[in-house]
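Data block below; observations after.
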């Protein structure tokens, strides 16, 4: 289990999910929720000290009563912070001069920005 599953437990349909980094970094999800497409960004780490999911959930929590409810609430906390793709990209632009993972994120996400703009103008191409 992880962030993607938490978003799904919260009722979102995850259209795309990326991780940028290795043992720590950022994740970005494109989700469909409440009738619209949204963008969600979070961070991850390699241990419970630097990863919110690992801090909240243990390895055997899936078997405990109430796990799905806790997972959904955890996912909702990220969905409530959904941002426009432009805002997520801005954060990566600001760190791209020293963060190679930000460069990868920009290369991955910028094509979606063009698609969003075309859809807003009424063209599905």
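Considering (1) buried (at least 16 other Cβ atoms within 10 Å of the Cβ); (2) over 16 Å from the mean Cα position of the chain (by Cα), the lone condition that residue 53 does not fulfil carries the number (2). If you check 73, 94 for being in contact with a helix residue (DSSP H, G or I) (Cβ under 9 Å, 6 or more places away or on another chain), surrounded by fewer than 17 Cβ atoms within 10 Å (Cβ to Cβ), part of a helix (DSSP H, G or I) and touching a residue at least 12 places away in the same chain (Cβ under 8 Å), only one passes: 73.
Bear in mind that the values in this text are calculations on the coordinates, not laboratory data. Here the structure is a predicted model, which is why all the values come from computation and not from measurement. A quick note on method: Cβ atoms are made from the backbone with ideal geometry, for glycine too, and the neighbour counts reach across all protein chains shown.
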